[in-house]
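The values are calculated or read from the model by the stated rules, or taken from the named source; none is laboratory data. From a predicted model like this one, the values you see are computed outputs, not experimental measurements. Methodologically, a virtual Cβ is constructed for each residue, glycine included, from the backbone with ideal geometry; neighbour enumeration extends over all protein chains shown. Keep in mind that these areas ignore ligands, DNA and RNA; they rest on the heavy atoms of the full protein, side chains included. Shrake-Rupley method; radii C 1.70, N 1.55, O 1.52, S 1.80 Å.
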Amino acid sequence: MPHVAELVERTGDTRYISNLDLAKGYWQIPVAKEDWLKTAFGTPWGLNEFFRMPFGLHGAAATFQRLMDQILAPHAEYVAAYIDDIVIYTRTWEQHKSALRAILTELRHAGLTANPQKCALA
């Protein structure tokens, strides 16, 4: 997991900063069918399994962070993520518009959605 202080330092002397918060975080990540049994828990009515990655599952945070790092790797010079929070930082407005477009496109291709009520743009 990245250190939050290091992520904040990366913003440096940038002028424009946007924060994106992904909707329903871990729930956006499907659990592979062969791993459903690993998520099982018992109830009085039988065994339940998760088909989507739940909060609290051992390794869930690291799995989600790894996914975000992979998705955002081509844009490392102007974006950082801490689990489901993404910060985009640039020096100029034109760069910022381009960076936002690129990151939102990456999220769409990955099947991830942001929560507009929790995002702050520029």
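Consider the range 34-86 and keep the residues that are of a type in the set (D, E) and assigned to a loop (DSSP other than H, G, I, E, B). The one that is surrounded by the fewest Cβ atoms within 10 Å (Cβ to Cβ) is E77.
For the range 90-122, which residues satisfy the criterion of being small (G, A, S) and exposed (fewer than 11 other Cβ atoms within 10 Å of the Cβ)?
Just the residues of the range 90-122 that are small (G, A, S), to begin with: 98-99, 102, 110-111, 114, 120, 122.
Result: G111, A120.
Residues in the range 5-33 that are among the β-branched types (V, I, T) and closer than 21 Å to K118 by Cα were compared, and the one that is most open to solvent (accessible area, probe 1.4 Å) is V8.
Can you spot a residue in the range 1-15 that is touching a Leu at 6+ places or on another chain (Cβ under 9 Å) and modelled with pLDDT under 95? No, there is no match, as no residue in the range 1-15 is touching a Leu at 6+ places or on another chain (Cβ under 9 Å) and modelled with pLDDT under 95. Are any residues in the range 16-38 at pLDDT 90 or above and in contact with an Asp or Glu (Cβ under 6 Å, 6 or more places away or on another chain), and if so, which ones? Of everything in the range 16-38, those that are at pLDDT 90 or above and in contact with an Asp or Glu (Cβ under 6 Å, 6 or more places away or on another chain) turn out to be D21, L22, W36.
Could you list all residues from the range 87-121 that are charged (D, E, K, R) and part of a helix (DSSP H, G or I)?
If the condition is that a residue be charged (D, E, K, R) and part of a helix (DSSP H, G or I), then E94, K97, R101, E106, R108, K118 are the ones that fit.
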